[in-house]
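Remarks on the structure that follows.
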Amino acid sequence: MSNNSQNTKTKKVVCELLLFWYILNVLVGELLLKMCKTIKGGAREVIYNVFKRCLAEYHAGKLLTELDNLYKRVADMPGKSKSGIRRIINGSNKNDGKFTTPV
């Protein structure tokens, strides 16, 4: 292999590594910014309920709600009603994924 060809490959690898390093720094920076945001009480409750449900499925060794029944499965995770989940999803779809508190 010629010296010129080897230098070209080395430069290519260095450029790829620099690009990877840059992307990694950007992603880590964004992650750190997201981690600094405090999770409010309502969201904490939902997260805890989802954790409890996943833990129950782990201990049971199976899914407690069939995958085919999507709305029921989503409702079971935070412990909410299926009709409430449908209202949230339908309202979110109408508002391009923006959530507002109902009056």
Handout entry: Hz values of 3J(HN,Hα) by residue in the range 66-81 - Karplus curve (6.51, -1.76, 1.60), Gly and Pro given as x
Key = 4, 5, 5, 9, 4, 5, 5, 5, 5, 5, 5, 4, x, x, 10, 7
Practice task
Please give the contour-minus-distance gain from residue 54 to residue 82: 0.36 nm per residue of separation, less the Cα-Cα distance, rounded to one decimal in nm.
Solution key: 8.3 nm
Completion exercise
Residue by residue through the range 89-94, the couplings from Karplus 6.51 cos²θ - 1.76 cosθ + 1.60 with θ = phi - 60°, in Hz, x for Gly and Pro, are 5, 4, x, 5, 5, 6
Handout entry: Average silhouette area of the range 41-94, convex hull of alpha-carbon atoms, in square nanometres
Key = 4.0 nm²
Completion exercise
Exposure proxy check on 58, 48, 71: fewest-to-most Cβ neighbours within 10 Å is 58, 48, 71
Exercise for the section: Return a whole-number percent for the relative contact order of the range 41-94, with Cα pairs under 8 Å and 6 or more residues apart as the contact set. Expected result: 32 percent
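Coordinate-derived values only; no laboratory data. Everything quoted here is computed from the prediction, not taken from an experiment. Positions of Cβ are backbone-derived with ideal geometry, glycine not excepted, and every protein chain shown enters the neighbour counts.
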